[in-house]
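My questions all concern the structure below.
Derivation of every value follows stated rules applied to the coordinates shown; laboratory data play no part. In this text, all values refer to a predicted model and were calculated from it rather than measured experimentally. In this analysis, Cβ positions are derived from the backbone assuming ideal geometry, glycine residues included, and neighbour counts consider all displayed protein chains.
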Amino acid sequence: QQQVKQSPQSLIVQKGGISIINCAYENTAFDYFPWYQQFPGKGPALLIAIRPDVSEKKEGRFTISFNKSAKQFSLHIMDSQPGDSATYFCAASSKGGTSYGKLTFGQGTILTVHP
Amino acid sequence: DAGVIQSPRHEVTEMGQEVTLRCKPISGHDYLFWYRQTMMRGLELLIYFNNNVPIDDSGMPEDRFSAKMPNASFSTLKIQPSEPRDSAVYFCASRKGAAYEQYFGPGTRLTVT
């Protein structure tokens with residue numbers, strides 16, 4: 001019930017295209033859904049996050065869409081650029097019980113944006 | 001402000017040796033997390049501390065792994081004895097209070113031969 005399932009494992013898009021990465025969760029106690037971006041040799045960096053009280057959050061070219069009833073959320077990268085090539089992780093967290101603030105990560109998506 | 005600092009960045013050791021990884025969290029952050037990243041298992045939470053006290057160590061793989069946080073600005077993750085299957089990138093992350101956001105360090109790449 002603590003799992004977060006992420007797809008696809010890898011994604012190739014052309015420069016200027018839209019990249020879409022999807023995640024699904026089981027635990028209805030999750031109340032925070034961040035996306036992390038990781039470049040080779042670096043630690044994951046928080047990219048954007050959403051709470052379940054809104055269905056969409058946009059920051060620049062990055063948008064999270066959230067569907068509470070389906071227990072799914074997705075990251076959309078508009079006008080994808082070669083510099084966006086990285087591994088993206090979705091995650092989920094709750095503040096309930098002994099899991100206070102623990103992040104459960106998806107398996108990651110390797111995004112390659114071709115120039 | 002300095003981010004999370006980890007040392008060493010790379011460690012190569014032989015099977016059976018003791019390995020100690022170090023982490024300095026962001027100043028003022030009272031939560032500290034240790035993660036392990038592998039291709040097969042992704043990012044796994046090993047243990048986390050709040051105000052220097054271990055809260056949840058259910059992710060620690062076995063007794064060969066131990067972690068300490070003697071003060072608010074320093075934590076160690078020790079593996080003794082190390083095995084080849086411990087080869088991975090180990091990340092430390094920190095968080096402030098009730099905020100959800102965690103900030104990761106650059107990681108330590110451990111290779112056990």
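Answer with one residue from A:I77, A:I64, A:G43: the one whose Cα lies farthest towards the positive end of the charge dipole of chain A, charges on Cβ with Lys, Arg +1 and Asp, Glu -1.
A:G43
I've got another one for you. Are any of the pairs A:K68/B:K78; A:K95/B:K24; A:K15/A:K68; A:K58/B:K78; A:K5/B:K24; A:K5/A:K95 more than 29 Å apart by Cα-Cα distance, and if so, which?
A:K68/B:K78; A:K15/A:K68; A:K58/B:K78; A:K5/B:K24
Between B:S66, B:Q37, B:Q102, whose Cα lies farthest towards the positive end of the dipole of chain B when Lys and Arg beta carbons carry +1 and Asp and Glu beta carbons carry -1, centred on the Cα centre?
Result: B:Q102, furthest along the dipole toward the positive end.
First obtain the Kirkwood hydrodynamic radius of chain B from its Cα pairs, then insert it into the Stokes-Einstein equation at 37 °C and 0.692 mPa s, and state the resulting D in µm² per second as a whole number.
Numbers: Rh = 13.9 Å.
For these conditions, the coefficient is 236 µm²/s.
OK, next. How big is the charge dipole of region A:14-115 about its Cα centre, in debye rounded to the nearest 20, if each Lys and Arg gets +1 on its Cβ and each Asp and Glu gets -1 on its Cβ?
Computed about the Cα centre, the dipole is about 100 debye.
Next question, about the same structure. Give the Kirkwood hydrodynamic radius (Å, one decimal) of the protein assembly as shown, defined as one over the mean of 1/r across all pairs of different Cα atoms.
Numbers: mean 1/r = 0.0550 Å⁻¹.
It works out to 18.2 Å.
Scaled to the compact-protein estimate 2.2 N^0.38 Å, what is the alpha-carbon radius of gyration of chain A, rounded to two decimal places?
My calculation over the Cα atoms of chain A gives 1.03.
I've got another one for you. How do B:T13, A:T28, A:T112 rank when sorted from fewest to most other Cβ atoms within 10 Å of their own Cβ?
Ascending number of Cβ neighbours within 10 Å: A:T28, A:T112, B:T13.
Moving on to the next point. Local charge sum around B:Q102 (other residues, Cβ-Cβ under 11 Å, Lys/Arg +1, Asp/Glu -1)?
Computed value for this residue: +2.
Please order A:D31, A:D79 by the number of other Cβ within 10 Å, starting at the fewest.
Values: A:D31 15, A:D79 12.
Result, fewest neighbours first: A:D79, A:D31.
Let me ask another. Tell me, what HN-Hα J-couplings in whole Hz come from the Karplus equation 6.51 cos²θ - 1.76 cosθ + 1.60 at θ = phi - 60° for each residue of region B:19-36, using x for Gly and Pro?
Per residue, the Karplus-derived 3J(HN,Hα) values read 10, 10, 9, 10, 8, 10, x, 5, 4, x, 7, 10, 10, 9, 10, 10, 10, 10 Hz.
Could you please rank A:V13, A:V54, B:V112, placing first whichever residue has the fewest other Cβ atoms within 10 Å of its Cβ?
By the 10 Å Cβ count, ascending: A:V54, A:V13, B:V112.
Next question. Please compute the net charge surrounding B:F74, taking Lys and Arg as +1 and Asp and Glu as -1 over other residues with Cβ under 14 Å from its Cβ.
Every neighbour counted, the sum reads +3.
Sticking with the crude label model, points 7 Å out along Cα→Cβ, report the distance from B:V12 to A:M78 in nm, one decimal please.
4.7
How large is the convex hull of the C-alpha atoms of region B:23-78 per residue, in Å³?
80
When the Karplus curve 6.51 cos²θ - 1.76 cosθ + 1.60 is applied with θ = phi - 60°, which whole-Hz ³J(HN,Hα) does each residue of region B:42-47 get, with x for Gly and Pro?
Result, ordered by residue: x, 8, 10, 7, 8, 7 Hz.
To continue, here is another question. Once phi is turned into θ = phi - 60°, what whole-Hz ³J(HN,Hα) does the Karplus curve with 6.51, -1.76 and 1.60 give for every residue of region A:84-89, x standing for Gly and Pro?
Each residue's phi maps through the Karplus curve to give 7, 4, 5, 9, 10, 10 Hz.
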